Amino acid sequence: MTRCLRCHGHAEYQWDDHEYRSESGLDSVLLTNCLFLHCRTCGEHSPVLPNALTLTTLILESLVVQPPGLPGTAIRFMRKALRLTAQTLAERIGTTREEVSRWENDRVAISPHFELKLRLEVIDGLFSHRPVLRQNVVAAMTATNDAKGASRQVIIDASPHYPPHVLPLPEEKPISANRARVEIEH
């Protein structure tokens, strides 16, 4: 029997979607087929998130291929995922710490030049084993069919990223549990 982390009452696992806002700092990430622990006693409905590093990597992969016009939260997420200070990022891409702060706080929009440099910094730091990704980023940055700064949601199927020994076997498998899916809605 599984117990609630809050009240220690009887709890059961359920599959559902999870808005991954507070944990990521982004306001547009949706985890589909996420495992939840639901308490029958107190009603607590807590997500059981898969490996944080895997989720961060999937989110970054989705962000770097989005069309131009990243919001400040995405810029901050990328910088933190690289484990860089604003000063270090600024030095790497050729700007100032103050300018990075302005971008992250949405006081000033990041220019296409620096946005491309930021995206390539992420690719070089985390996806160097995937050279085709660089081509996709350049294509996304030059695409003209998307309105700059349009709201885009990152959707990640979480179910394939749970380790098998951690999961209870659900009565019904999530719809897309047999493959990883990362999509960006426009």
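The values are calculated or read from the model by the stated rules, or taken from the named source; none is laboratory data. None of the values given here were measured: they were computed from a predicted structure. Don't worry about glycine lacking a Cβ; one is built from the backbone with ideal geometry, like all the others, and counts go over all protein chains shown.
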*State whether one or more residues within the stretch 23-42 are surrounded by 16 or more Cβ atoms within 10 Å (Cβ to Cβ) and of a type in the set (Asp, Glu).*
no
*Are any residues in the stretch 101-146 of a type in the set (Asp, Glu) and more than 16 Å from ALA86 (Cα to Cα), and if so, which ones?*
ASP124, ASP146
*How many residues are more than 13 Å from the chain's Cα centre (by Cα) and either modelled with pLDDT under 85 or not polar (S, T, N, Q) (or both) when one looks only at the stretch 8-32?*
9
*Please specify each residue of the stretch 103-143 satisfying the condition of being within 15 Å of LEU60 (Cα to Cα) and basic (Lys, Arg).*
LYS117, ARG119, ARG130, ARG134
_Any residue at all in the stretch 48-63 that's loosely packed, with under 15 Cβ neighbours inside 10 Å, closer than 26 Å to ILE155 by Cβ, small (Gly, Ala, Ser) and modelled with pLDDT under 95?_
yes
*Determine whether the stretch 54-66 contains at least one residue that is of a type in the set (Gly, Ala, Ser), touching a residue at least 40 places away in the same chain (Cβ under 8 Å), assigned to a helix (DSSP H, G or I) and outside the structural domain of ARG83 (by TED's automatic domain parsing).*
yes
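Quick check on the stretch 85-122: of everything there that is in a loop (DSSP other than H, G, I, E, B) and buried (at least 18 other Cβ atoms within 10 Å of the Cβ), which residue is nearest to the chain's Cα centre (by Cα)? Even if it seems obvious, please write down each step before you answer.
If we filter the stretch 85-122 for residues that are in a loop (DSSP other than H, G, I, E, B), which is where we start, we get 85, 94-96, 105-111.
Filter again for buried (at least 18 other Cβ atoms within 10 Å of the Cβ), leaving 95, 110.
Working: THR95: 25, ILE110: 20 Å.
The selected residue is ILE110.
Taking the stretch 9-47, which residues are β-branched (Val, Ile, Thr) and either assigned by TED's automatic domain parsing to the domain that holds ASN136 or outside any strand (DSSP E or B) (or both)?
Scanning the stretch 9-47 gives a single hit, THR41.
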